[in-house]
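The values are calculated or read from the model by the stated rules, or taken from the named source; none is laboratory data. Model, not experiment: these values are computed from the prediction. Reconstructed Cβ throughout: ideal geometry from the backbone, glycine too, with neighbour counts over all protein chains shown. Heavy atoms of the whole protein, side chains included, go into the accessibility calculation; ligands, DNA and RNA do not. Shrake-Rupley method; radii C 1.70, N 1.55, O 1.52, S 1.80 Å.
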Amino acid sequence: MKKLSLVLVLLALSTPAFAQNYFAEGKFVCGKVDQASVDAFAFAPGVYYSTLNVGNPNDDRIDGKKIFSVALLRQKSGRVTDSIQWVLNPRNSMQVDCSDIYGYLGIAPGTFIDGFVYFIAGRKFSVTGVYTVTDGSRVVSQDVEEVTVELR
């Protein structure tokens with residue numbers, strides 16, 4: 001019986017644990033809407049802003065990665081970045097906004113873009129999106145949305 005117990009313990013120690021990651025998909029819409037998007041009834045005229053706040057509620061540091069992906073009209077895929085590392089110390093937060101998104105994608109600021117930021121990490125984190133639309137001079141809509149973070 002002792003040998004069987006020892007074998008089971010050694011097997012458990014030598015078998016790597018199944019790695020699970022937390023995943024969140026943050027929506028972004030940035031820039032002044034182009035005429036093609038208005039003509040396709042995809043977006044109303046205006047200037048769109050998105051900010052994604054990512055928080056670490058844990059007592060330990062989070063190491064994660066993020067990927068930016070642009071969606072195009074007519075069910076076409078746009079530019080996608082490689083994985084980009086991110087780190088948050090305990091109870092810290094970071095902001096990912098349109099200027100960051102333009103920079104990572106290599107797109108001129110103000111260009112109309114629509115897509116997702118995918119956040120992946122080995123520990124639980126939180127994401128909240130803030131979405132603002134202006135008519136060029138005043139805010140016409142603002143919304144705050146909690147983004148679902150799920151274990152995958």
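Among the candidates VAL133, VAL96, VAL127, single out the residue that is more than 24 Å from TYR22 (Cα to Cα), in a strand (DSSP E or B) and not basic (Lys, Arg). Going through VAL133, VAL96, VAL127 in turn, the sole match is VAL133. When the test is whether a residue is touching a Leu at 6+ places or on another chain (Cβ under 6 Å) and of a type in the set (Lys, Arg), ARG74 does not pass it.
Each residue in region 30-46 was checked for being closer than 10 Å to THR134 by Cα, open to solvent by 60 Å² or more (accessible area, probe 1.4 Å) and either part of a loop (DSSP other than H, G, I, E, B) or hydroxyl-bearing (Ser, Thr, Tyr) (or both), and 1 of them qualify. GLY122 satisfies every condition listed in (1) exposed (fewer than 15 other Cβ atoms within 10 Å of the Cβ); (2) touching a helix residue (DSSP H, G or I) at 6+ places or on another chain (Cβ under 9 Å); (3) closer than 18 Å to PHE23 by Cα except (2). In a residue-by-residue description of region 76-88, the property of being of a type in the set (Asp, Glu), closer than 20 Å to GLY110 by Cα, out of contact with any helix residue (DSSP H, G or I) (no Cβ under 9 Å at 6 or more places or on another chain) and at pLDDT 95 or above applies to no position. Looking at this structure, is TYR49 buried (at least 16 other Cβ atoms within 10 Å of the Cβ), touching a residue at least 24 places away in the same chain (Cβ under 8 Å), touching a strand residue (DSSP E or B) at 6+ places or on another chain (Cβ under 9 Å) and part of a strand (DSSP E or B)? So TYR49 passes the test. If you scan region 67-110, which residues turn out to be open to solvent by less than 30 Å² (accessible area, probe 1.4 Å), in contact with a Lys or Arg (Cβ under 8 Å, 6 or more places away or on another chain) and closer than 23 Å to ALA40 by Cα? Correct list: SER69, VAL70.
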